[in-house]
């Protein structure tokens, strides 16, 4: 992995930071590759129970670096071969991924934020889908995510009008979970992550799996999957520990087994 992504692991929390602050963390081929590798490495680390994804400097990400777009390679290839593995990795990680958004997240940076499981934003931060201003279509799965979060009419309006969606409205619309003062964003994200890391990791993984399935599948298949997962979890060591701790009125100590 190169130096365009920082990874720090402590107390069961991995912090992955985009590190092109001088270019507003805009995505190049190298940054995409480094982020994909960072997510791969974190997925292989059994000590990690929560991931925080953020950006160094003034913002989360300004989106794709327009200077890096090559006419020699179709952008569809970049989206399928370089970006898609990143989005897939986030969805398939068995731990919660929290996006911590300083400043703003624009373009495919906004897509990356919304692909995460949870979102905390600086109070002065905003999300922006600016594609219509440069005659492009939202990408990185942004159309799918916005329509499912907001419904077609509101999603279409926010995209074609390239409206800045501030943190308070993101929370109102369900695009973000919470906000924090800008100078407290990272500490608030870490505090949240550490609290989640104390919860039963098998339950968090199973709930993520079935809820992501439910996003684009029917009730019957979602019901079937949750029944299957519940059957697998019931009687596990962590399930027995949770019940014992509840009856003994103490804090459970989950092992992920």
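Selection of strands (runs of 3 or more DSSP E) fully inside region 37-120 by the criterion of at least 3 residues being touching a helix residue (DSSP H, G or I) at 6+ places or on another chain (Cβ under 9 Å) and either touching a residue at least 24 places away in the same chain (Cβ under 8 Å) or buried (at least 23 other Cβ atoms within 10 Å of the Cβ) (or both) returns 50-55, 97-101.
Taking the conditions exactly as written (within 15 Å of residue 215 (Cβ to Cβ) and either in the same structural domain as residue 192 (by TED's automatic domain parsing) or modelled with pLDDT of 95 or more (or both)), does residue 148 satisfy them or not? Taking the combined requirement at face value, the residue satisfies it. Just one of the numbered conditions (1) in the same structural domain as residue 60 (by TED's automatic domain parsing); (2) out of contact with any strand residue (DSSP E or B) (no Cβ under 7 Å at 6 or more places or on another chain); (3) assigned to a helix (DSSP H, G or I) is not true of residue 193: (2). Is region 131-152 home to any residue that is in contact with a strand residue (DSSP E or B) (Cβ under 9 Å, 6 or more places away or on another chain) and either without any contact (Cβ under 8 Å) to a residue 40 or more places away in the chain or not in a loop (DSSP other than H, G, I, E, B) (or both)? Checked against the condition, which is being in contact with a strand residue (DSSP E or B) (Cβ under 9 Å, 6 or more places away or on another chain) and either without any contact (Cβ under 8 Å) to a residue 40 or more places away in the chain or not in a loop (DSSP other than H, G, I, E, B) (or both), region 131-152 yields no hits at all.
Number of residues in region 209-250 that are under 22 Å from the mean Cα position of the chain (by Cα) and surrounded by fewer than 11 Cβ atoms within 10 Å (Cβ to Cβ): the value is 1. Please work out if residue 161 is assigned by TED's automatic domain parsing to the domain that holds residue 53 and out of contact with any helix residue (DSSP H, G or I) (no Cβ under 8 Å at 6 or more places or on another chain). Judged against the criteria, residue 161 is not a match. Condition (residue is in the same structural domain as residue 193 (by TED's automatic domain parsing), under 14 Å from the mean Cα position of the chain (by Cα) and outside any loop (DSSP other than H, G, I, E, B)) applied to region 20-34: is it met by at least one residue? Looking for residues that are in the same structural domain as residue 193 (by TED's automatic domain parsing), under 14 Å from the mean Cα position of the chain (by Cα) and outside any loop (DSSP other than H, G, I, E, B), one finds none in region 20-34, hence no. Of 78, 37, all but one fail to be at pLDDT below 95, assigned by TED's automatic domain parsing to the domain that holds residue 192 and touching a strand residue (DSSP E or B) at 6+ places or on another chain (Cβ under 9 Å); the exception is 78.
Contact map, region 207-231: first residue closer than 20 Å to residue 115 by Cα and assigned by TED's automatic domain parsing to the domain that holds residue 96, second residue modelled with pLDDT under 95 and part of a helix (DSSP H, G or I), Cβ cut-off under 7 Å, separation 6 or more or different chains; the map is empty.
Filtered by the rule that a residue be part of a loop (DSSP other than H, G, I, E, B) and surrounded by 15 or more Cβ atoms within 10 Å (Cβ to Cβ), region 165-190 gives 175, 176, 177. Taking the condition in the same structural domain as residue 13 (by TED's automatic domain parsing) and free of Cβ contacts under 8 Å to residues at least 60 places away in the same chain, does residue 236 pass? So residue 236 fails the test. Residues in region 1-19 that are modelled with pLDDT of 95 or more, in contact with a helix residue (DSSP H, G or I) (Cβ under 7 Å, 6 or more places away or on another chain), under 21 Å from residue 84 (Cα atoms) and not in a strand (DSSP E or B): 4 only.
The values are calculated or read from the model by the stated rules, or taken from the named source; none is laboratory data. Everything quoted here is computed from the prediction, not taken from an experiment. Using ideal geometry, Cβ is built from the backbone for each residue, glycine included, and neighbour counts are taken over all protein chains shown.
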